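The values are calculated or read from the model by the stated rules, or taken from the named source; none is laboratory data. Values in this document were obtained by computation on a predicted structure and should not be read as measured data. Every residue, glycine as well, gets a Cβ built from its backbone with ideal geometry; the counts of neighbours run over all protein chains shown.
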Amino acid sequence: MPEPRSRRVLQLCFPARAAELKGVREAVREAVEGCGCSAKSSGDVVLAIDEACQNIIRHAYGGESDEVIEFEIEHRGDALVFWLVDHAPAIDPSQVRPRDLDDIRPGGLGTHFIRRVMDEVEFSNPPSGRGNLLRMVRRID
Amino acid sequence: MEHTVREERGNVVVSLKGDVDLEHSPKAREVLLGCVGGGQDVFVDLSAVSYIDSSGVASLVEAFQASKQKGTRFALVAVNAAALRVLELARLDKVFTIHESLSEGIGGGA
């Protein structure tokens, strides 16, 4: 089977700051809608990407930072592949878990949103060997 | 994000507008907890919220829990589709009292 055709539809590099995220959300929405995602799916994807960026800012970098987040979206066949790279110390993926939703309390929902929205979520080391690489896949409905 | 706070028939009505995101949720939290701390019933109008994330939802949950401790009412009104979707993903649409309109909320019990 040949590999499905793939095309990079968005590439961003931005400082790990909360004020950057509105522009990121707008760019992600435009890109995924351009790939055929419905408005509802696009909203879900935007939320998941925003939450993943927030996790990097809050947990990987330990707060807002001038360090950067690198982000790409690839349109591959009937799926979208999202890549997020940071340059923070390596995290332990086993510690990035959604919390029990029956425990009603503020916080801890971001990872749950990511897992609900994405079909695949995988942490690994970036090719540079430093930082964290988060790869997520969402099939286009 | 912008916000307004007003009194209506002895209740506090907080209207949030725009993006309740990581950048602005600390302000939303401060406003909501301040209103709940006043001891009146609080209704939060989300009709003009264009985007809400986990940090914005956390602000609502924290204010909701503070109101429970005080024994006052805390309800969401006119939640638009985008915000409702996020509450559904968090399974909080069944936890918060949600009214279609402010008149429905203030007229009935939260």
Could we say that A:Arg99 is over 22 Å from A:Arg17 (Cβ atoms) and within 11 Å of the chain's Cα centre (by Cα) here? no
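What strands (runs of 3 or more DSSP E) completely inside the range B:31-110 contain at least 1 residues that are crowded, with 16+ Cβ neighbours inside 10 Å and within 11 Å of chain A (Cβ to nearest Cβ)? Reasoning before the result, please.
Values: elements: B:42-52, B:74-77, B:97-99.
So the answer is B:42-52.
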Output for the range B:21-30, where each listed residue is in contact with a strand residue (DSSP E or B) (Cβ under 9 Å, 6 or more places away or on another chain) and either within 22 Å of B:Glu7 (Cα to Cα) or assigned to a helix (DSSP H, G or I) (or both): B:Ser25, B:Lys27, B:Ala28
Condition check: in contact with a Pro (Cβ under 7 Å, 6 or more places away or on another chain) and of a type in the set (D, E, K, R). Does A:Asp66 satisfy that? yes
Being within 26 Å of A:Asp102 (Cβ to Cβ) and at pLDDT 95 or above is the requirement here; does B:Val12 meet it? no
Does A:Gly43 count as at pLDDT below 95, crowded, with 16+ Cβ neighbours inside 10 Å and within 14 Å of chain B (Cβ to nearest Cβ)? no
Name every residue in the range A:104-123 that is assigned to a loop (DSSP other than H, G, I, E, B) and within 11 Å of chain B (Cβ to nearest Cβ), in order of residue number. A:Ile104, A:Arg105, A:Pro106, A:Gly107, A:Gly108, A:Leu109
Would you check if A:Gly23 is surrounded by fewer than 14 Cβ atoms within 10 Å (Cβ to Cβ), more than 24 Å from B:Arg85 (Cα to Cα) and within 14 Å of another protein chain (Cβ to nearest Cβ)? no
